[in-house]
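Throughout, read-outs are computed from the coordinates displayed, never taken from laboratory work. All figures in this text were calculated on a predicted structure; none of them were measured in a lab. So basically every Cβ, Gly included, is an ideal-geometry build from the backbone, and we count neighbours across all protein chains shown.
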Amino acid sequence: MSSENIELVGYTSLLMLAITLVIMGLMRELAPAQKSQWFLGIALGTGVAAFALKIIFVVTFSAVSIPFLDLIREPQSRSYSASAELDSQIFRPNPIQLNSGQWQALPLVAPSPIDNPTTPEKIALGQTLFFDKRLSLDNTLACASCHEINADKAGADGSSVSTGIYGQQGNRNAPTVLNAAFQRLLFWDGRAKSLEQQSLGPFINPVEMGMPDLASLETRVKSLPEYSGLFERAFPDTPQINSDNIAKAIAAFERTLITPNSPYDRFLQGDQQALTQKQIRGMALFQSLGCRNCHSGPNFSDASIFGGTSGYRIFPANPKVQFEQKYQFGSDIGFTIPETIRTDETAAGRIGQRRLINQDSAGKPGVWRIPSLRNVARTAPYFHNGSVDTLEEAVRIMASMQLDKRLSEKELDDKTVLWTGANGGFNEITNRALSDNEVSEIVAFLQALNGPLPKLQ
């Protein structure tokens, strides 16, 4: 309490004492018969005393700090702004609280189906098959040719579209094989429902590895003497060299190609320094803009094994001329609309339904499987046609064409990131337009999804 407040309280106390003495003197002078005046004196004195006490109470608590007052208020959920002095509280929330929300770390091991348990022998066989160029028609192409497992390519090939046998160009960008074990839909159109189904497709694709059929693939493998022992060890009960065992072995190997322990994962697991302030702001924007409506769960894909709904989305849901003309997204209509999309009640799903109903086949937008965003910062170029070179541009396109957000080069004032400890999540950021700086923050967060590359046997 300040000296001024102490002085005021002193004066008020003296005033109350003086009034009390006056009232006591008045009461002595009043005759017993004058009861009405006596009661009036008591009432007057009581009122003055109450007023004086009120002054003391107000003056006293005006000097009490806000934090103390917070303690005596009714508990409530508090939101804090991202000021510098509160960074440690806001941007480094309790990891248990954060993990209890919708953010989840990637598992350390990918599950395997009952009919294809993962074994070291299967992994060894699958790895050999994955890297063997002799399994293509002209002996020039392996699975690893389009899915390079290194820091530069991160399970993709770094090209707009893949190159198959005899130099043929495909019409789609090669998706990364990393963390494909966590996807329940494979290929851009989602036609494969397991790694076992997916693994055989490139072998018999005429513009990829080009084998005429699966029987031809089996014959080629049987002609290579080293495979006999590998199949016997991998499948001791059914050692036949056939397409079923080829698929199982490659799938077993691909289930080891996962990248947990990214900075994002470590942050959720308690490493409070794993993410930068910029990355956490990007994380909050990722949630607020609606990116997580499709890129959900630990694998950042609604087409994952972690309880996604449909796994498909219309793209673009909100076509924009400037992007359509530049990147030719409409040149490939994608997948025939599946039943799951017809019953999709999300906003994007309803928009897509209307556009599909109202347009002829030539004008239909594509229906695509939702890709994972794990290691996305390593797998440029982007989208099904590989037309976008940078992640920054990909973020702008998705914000505009998929989420219908305005883009702005102007820095906005209302970018404050808020976090509520009660539910372990971020408060909504209600920007009316996405600035270049905010795009950079989202990209920084996506870079935090890069995990250590798997080590091969």
task = Multiply the residue separation of residue 159 and residue 114 by 0.36 nm, subtract the distance between their alpha-carbon atoms, and state the gained length in nm to one decimal.
result = 12.6 nm
key: Net lengthening on full extension, residue 131/residue 322 (0.36 nm per residue, minus Cα-Cα)   = 64.7 nm
Order of 374, 281, 134 - criterion: other Cβ atoms within 10 Å of each residue's Cβ, fewest first = 134, 281, 374
task = Answer rounded, prolate or oblate for segment 114-259, using the Cα gyration tensor with square roots of eigenvalues a ≥ b ≥ c: rounded when a/c is under 1.5, else prolate when a/b is larger than b/c, else oblate.
result = oblate
task = Take the Cα atoms of segment 210-290, find their three principal axes, and give me the spread along each one in whole Å, biggest first.
result = 57, 28, 19
note = Exposure-ranked with fewest Cβ neighbours within 10 Å first, 440, 304 stand as 440, 304
ask   = Can you sort 157, 404, 213 by how many other beta carbons sit within 10 Å, fewest first?
value = 213, 404, 157
